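First the structure, in the form of structure tokens, and then the observations on it.
The values are calculated or read from the model by the stated rules, or taken from the named source; none is laboratory data. As the structure is a computational prediction, the values presented were derived from the model and not from experiment. Neighbour counts are summed over all protein chains in view; Cβ atoms, including those assigned to glycine, are modelled from backbone coordinates with ideal geometry.
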Amino acid sequence: MRGSLYQGDSLDVQPIRSPTTLHVAYQKVMLWNGQFGATGLNANTGDAWVYGTPIETNYLGYEGTETQAIAGLKVHRMGLEDSFLTTYGYKSLFNAAFPDIPEEERFNREQAGLAIAAYERTLLANQSPFQKWLKGDDNAMSQTEKEGAILFFGKAECVNCHTGPALNKMDFSAIGMMDLVQVSHQSFKVSMTDKERLGRAGFTGQEEDMYKFKIPQLYNLKDSPFYGHGSSLNSIKEIVTYKNAAIKENAGVPDENLDPEFKPLGLTDTEVLLITEFIEHALYDNNLDRYVPERVLSGYCFPFNDPLAKNQMGCD
């Protein structure tokens, strides 16, 4: 859905690390600051829904997954020209997906965003060893993974924040982590003035929300090179070690803003390794390729839907 106004030399960048789309089905609001979504925690945040910005999409009344998908199509300049829809066969798919929507309203960003969100809601890690163990397979987890799980749900108190089917929580927490403008990794167009650095407060404007970021889900983390909203940590072990010590790395976060759960845990080095083992391996679904489409209607590659990628990847 590349629009005619798309500039090939433009870069789509974010002032904060992009969260995963995995398990968005369990989230009412989206992004680290939860700015997308008209329900749940955002039901009474209408004063922050600024017209002329992507946040105005909240006025459509959807949950976060749908709201972000609709807003993202405009933010990333994705067009829905009639010639595109007809050439690649999308019109018939829109007709099948939205038969109750009047035809004059059927082929627009709102319906396209709803379709994208419907796909995103299927992205669920549900074949990990821990999930198999929960279903009765006593041999799905190794002994060290089981010991790590006991610590995760016990002494380490990780479950106080990481709970539910995705081991996340629809809440926001300040644990003093650095953001993109503070870390040594190369970044592009980030600055100290980006309101996203303020976490939830960057959306709500409320002092009590300063430096609070959404508590993330924990499945399939080990393949990522960066962790935290600002990519300040580089491994799961570093995260567990950071939580264990409970010493903020961002001096700009006032101590009074820190979550009461951010406290020294008293874990030994061995216990840190056991929890790391549980998160890295027991919470890892190694079959996420089942969500990759066999083909896309453009004939290009997935996920890089353009001629250059097709040439470089050699896909059919």
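Mind telling me which of the residues 197, 109 ends up being surrounded by 17 or more Cβ atoms within 10 Å (Cβ to Cβ), closer than 24 Å to residue 32 by Cβ and in contact (Cβ under 8 Å) with a residue 60 or more places away in the chain? Please lay out each step first, then the result.
Values: 109 fails: in contact (Cβ under 8 Å) with a residue 60 or more places away in the chain.
After ruling out the rest, the residue left standing is 197.
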| query | Does any residue in segment 155-172 that is without any contact (Cβ under 8 Å) to a residue 24 or more places away in the chain and assigned by TED's automatic domain parsing to the domain that holds residue 219 come within less than 6 Å, Cβ to Cβ, of a residue that is outside any strand (DSSP E or B) and of a type in the set (A, V, I, L, M, F, W, C) six or more places away or on a different chain, and which pairs are these? | reply | 159/153
| task | Please indicate, with yes or no, whether at least one residue in segment 167-189 is surrounded by 14 or more Cβ atoms within 10 Å (Cβ to Cβ), basic (Lys, Arg) and in a loop (DSSP other than H, G, I, E, B). | result | no
| Quick one: in segment 61-83, which of the residues that are under 23 Å from residue 104 (Cβ atoms) and of a type in the set (Asp, Glu) is surrounded by the fewest Cβ atoms within 10 Å (Cβ to Cβ)? | 82
| remark: Among (1) modelled with pLDDT of 95 or more; (2) closer than 15 Å to residue 118 by Cβ, residue 48 falls short only on (2)
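I need a count of the residues in segment 61-73 that are under 19 Å from residue 33 (Cβ atoms), out of contact with any helix residue (DSSP H, G or I) (no Cβ under 6 Å at 6 or more places or on another chain) and either small (Gly, Ala, Ser) or in a helix (DSSP H, G or I) (or both).
Selection size over segment 61-73: 3.
What about residue 310, is it closer than 20 Å to residue 32 by Cα and surrounded by 13 or more Cβ atoms within 10 Å (Cβ to Cβ)?
No: the conditions fail for residue 310.
Of the residues that make up segment 228-237, is at least one closer than 30 Å to residue 211 by Cα, crowded, with 19+ Cβ neighbours inside 10 Å and either in the same structural domain as residue 90 (by TED's automatic domain parsing) or modelled with pLDDT of 95 or more (or both)? Lay out the reasoning, then the answer.
Start the filter on segment 228-237 by keeping residues that are closer than 30 Å to residue 211 by Cα, which leaves 228-237.
Now narrow it down to the ones that are crowded, with 19+ Cβ neighbours inside 10 Å: 228-233, 236.
Pick out the ones that are also either in the same structural domain as residue 90 (by TED's automatic domain parsing) or modelled with pLDDT of 95 or more (or both) and you get 236.
Yes, because at least one residue in segment 228-237 is closer than 30 Å to residue 211 by Cα, crowded, with 19+ Cβ neighbours inside 10 Å and either in the same structural domain as residue 90 (by TED's automatic domain parsing) or modelled with pLDDT of 95 or more (or both).
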